[in-house]
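Q: What follows is a single structure, and I will ask about it in a moment.
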Ligand SMILES: Cc1cc2nc3c(=O)[nH]c(=O)nc-3n(C[C@H](O)[C@H](O)[C@H](O)COP(=O)(O)OP(=O)(O)OC[C@H]3O[C@@H](n4cnc5c(N)ncnc54)[C@H](O)[C@@H]3O)c2cc1C
């Protein structure tokens, strides 16, 4: 039964509160945590809110972007410098949820959620984490794979904006709006001398957490960006994907349509 909600203004104080756990958790937008608390399906006794912590805001330095972990998804979608992320944000839940939901919380959303995390994986974002032992940097891929320690807080993410024309995103859903992912594809693909010079392709709906489609990336590099080469590379996705069955789609269906959505994302079909 929940007994306390702390609203610290200082990150050190928040960490001290989290160290009092187990039974203590960080509360960001609460879109995932609060339904669990309200339905009494957690052992939580205390929440530590990020609301008054200095974890909000978006900063741009040249092409480098830094986003505070407690920044809402709506704020990311509204930012004039992050227009390429607007389709990602608009594919997530509803405006109501996006006003509350945070960038940090999206990392810890179980699949088939975590669409912004998929995008940040393709962007090779760097995360900053603060805990009892101080501050550390970690690749977003590592945070997605290992999470953070119980008394650690993800404080911000940083990445470089992709060059014009190199960003690709699609999310296959059951409904056009407010639906979790069947397959999410985010990619940064750069061409030079008429062939693909570099490729980063990240997937949602392809396993217990967002993953890089390494075999697809390897097959794309050095080929021209044509329907044939993209189709052929996309067929390699099974090497990195372990699709699952849930209320939205079966593992069989996800495996079938994954190459199709990779092709559609990259070719803009
Ligand atoms: C109806 C509905 C539809 C949804 N649709 C989508 C969708 O289409 N796509 C999608 O991606 N997601 C979706 N979600 C999931 C969710 O809303 C988002 O992923 C959101 O970004 C979670 O953020 P939050 O701030 O609300 O997290 P919270 O609920 O506050 O926290 C979730 C977890 O993350 C931890 N956490 C939060 N911030 C930090 C931090 N800075 N450091 C360490 N731990 C942290 C919390 O302790 C908690 O364990 C949906 C949710 C709902 C309820």
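Q: Which is out of contact with any helix residue (DSSP H, G or I) (no Cβ under 7 Å at 6 or more places or on another chain), touching a residue at least 60 places away in the same chain (Cβ under 8 Å) and surrounded by 14 or more Cβ atoms within 10 Å (Cβ to Cβ), of 118, 183, 148? Before you say what the answer is, go through the steps one by one.
A: On the way: 183 fails: out of contact with any helix residue (DSSP H, G or I) (no Cβ under 7 Å at 6 or more places or on another chain); 148 fails: touching a residue at least 60 places away in the same chain (Cβ under 8 Å).
Exactly one residue qualifies, and that residue is 118.
Q: Would you confirm whether or not the range 256-266 contains a residue that is more than 18 Å from residue 188 (Cβ to Cβ), crowded, with 18+ Cβ neighbours inside 10 Å and within 20 Å of the chain's Cα centre (by Cα)?
A: Yes, because at least one residue in the range 256-266 is more than 18 Å from residue 188 (Cβ to Cβ), crowded, with 18+ Cβ neighbours inside 10 Å and within 20 Å of the chain's Cα centre (by Cα).
Q: Residue 75 passes all but one of (1) in contact with a helix residue (DSSP H, G or I) (Cβ under 7 Å, 6 or more places away or on another chain); (2) crowded, with 18+ Cβ neighbours inside 10 Å; which number fails?
A: Here residue 75 meets the rest and fails (1).
Q: Looking at the range 153-167, which of its residues are without any contact (Cβ under 8 Å) to a residue 24 or more places away in the chain and within 14 Å of the ligand (Cβ to nearest atom)? Spell out how you get there, then give the answer.
A: Step one: list which residues in the range 153-167 are without any contact (Cβ under 8 Å) to a residue 24 or more places away in the chain, which gives 164-165.
Of everything in the range 153-167, nothing turns out to be without any contact (Cβ under 8 Å) to a residue 24 or more places away in the chain and within 14 Å of the ligand (Cβ to nearest atom).
Q: Of the conditions (1) in a loop (DSSP other than H, G, I, E, B); (2) surrounded by fewer than 23 Cβ atoms within 10 Å (Cβ to Cβ); (3) near the ligand (Cβ under 9 Å from one of its atoms), residue 129 clears all except one; give me its number.
A: Unmet for residue 129, out of (1) in a loop (DSSP other than H, G, I, E, B); (2) surrounded by fewer than 23 Cβ atoms within 10 Å (Cβ to Cβ); (3) near the ligand (Cβ under 9 Å from one of its atoms): (1).
Q: Still on this model: What's the number of the only condition in (1) over 19 Å from residue 132 (Cα atoms); (2) in a loop (DSSP other than H, G, I, E, B) that residue 87 fails to meet?
A: Residue 87 satisfies every listed condition except (2).
Q: Now for a different question. Among what's in the range 13-47 and is without any contact (Cβ under 8 Å) to a residue 12 or more places away in the chain and more than 26 Å from the chain's Cα centre (by Cα), pick the residue that is surrounded by the most Cβ atoms within 10 Å (Cβ to Cβ).
A: Ranking the qualifying residues of the range 13-47, first place goes to 16.
Q: Follow-up. Can you name the condition, by its number, that residue 93 falls short on among (1) surrounded by 14 or more Cβ atoms within 10 Å (Cβ to Cβ); (2) within 26 Å of residue 251 (Cβ to Cβ); (3) more than 10 Å from the ligand (Cβ to nearest atom)?
A: Residue 93 satisfies every listed condition except (3).
Bear in mind these aren't lab numbers, they're just calculated from the coordinates by the rules spelled out. Please read these numbers as outputs of a predicted model, since none were measured by experiment. Cβ coordinates were reconstructed from backbone atoms using ideal geometry, including for glycine residues, and neighbour counts include every protein chain displayed.
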